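All remarks here apply to the structure that follows.
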Amino acid sequence: MTRLLGQRVCLGVTVALLLGMATPAVASESAPFLQMHRWLQLLAFERFPVLGDNHVNDLAGIFSAQERERLREQLLAFYRRTGKQVMVVTIHSIRDYSTTDTFESFATRLFNHQGIGDRRRNDGVMVLVAPGDRKVRIELGAGYGRAWDSRMQRIIDDQMLPAFRQGDLAGGTANGVNTLLQVLAREPVVARRESLTPPSATGSGVSALVSGFSTLLLLGAGARWDM
């Protein structure tokens, strides 16, 4: 129960629940239990994956152990050199966690929930791959601005999708990350941070993308691939 109550719920679901609770109960002893059951069902499907690593969370299992460690070391070295946190997340499908989000809005909510990047610079980056949805997205912190969206789209189109369409998810993701790090290193957003202490696994920054109760600012790029 504590774990369920600790999960985030979007406003639409919250409003629906409140309206449901405000509806006069049916004259039946089971009505309160049915309402609670419905509430728990909705709440359970508005949750986020547990991301225990600052840089690589391969929940879909697309990498071998060696590939995963090599990618983690690459991203950690980049962080220590530049102060920019890049996180790779793979999940089977967003439907394992949300029944209402689009792929884009889920990526943004996950990014915000995790607090990726520096709180002052808003310079975090998340690469989200969902094989079950056949979708990929590179989510950017607000510090990058709209001009970076087209750059991220080119990385996806040129470096990731060709390998994905051949069934090589690990290779496509690695290709995309390699080019992404080159672009980030070549075109810094802001000055280096003073302290390069690795961020906590739960994220210490505030929302790097702006989100309201019903409005999300989506920065980044994404695509769906077909075999």
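Just so you know, all these numbers are worked out from the coordinates, no wet-lab data involved. No experiment lies behind these values; they were computed from the predicted model shown. Positions of Cβ are generated from backbone atoms using ideal geometry, with glycine treated the same way; all protein chains shown enter the neighbour counts.
Entry note: the stretch 148-191 has Rg to Rh equal to 1.05, where both radii use alpha-carbon atoms and Rh is the Kirkwood radius.
Annotation for the stretch 108-134 versus the stretch 54-90: alpha-carbon center distance of 13 Å. Amide H contacts of T102: none lie under 5 Å away among residues 5 or more positions distant or on a separate chain (H built 1.01 Å from N in the peptide plane; Pro and chain starts excluded). At 20 °C and 1.002 mPa s, what whole-number value in µm²/s does Stokes-Einstein give for the translational diffusion of the stretch 64-175, with Rh from the Kirkwood sum over Cα pairs? Taking Rh from Cα pairs, D becomes 145 µm²/s. Taking label points 7 Å from Cα along the Cα-to-Cβ direction, D53 and A142 give a separation of 3.0 nm.
The length gained on full extension between Q66 and T102, counted as 0.36 nm times the residue separation minus their Cα-Cα distance, comes to 9.7 nm.
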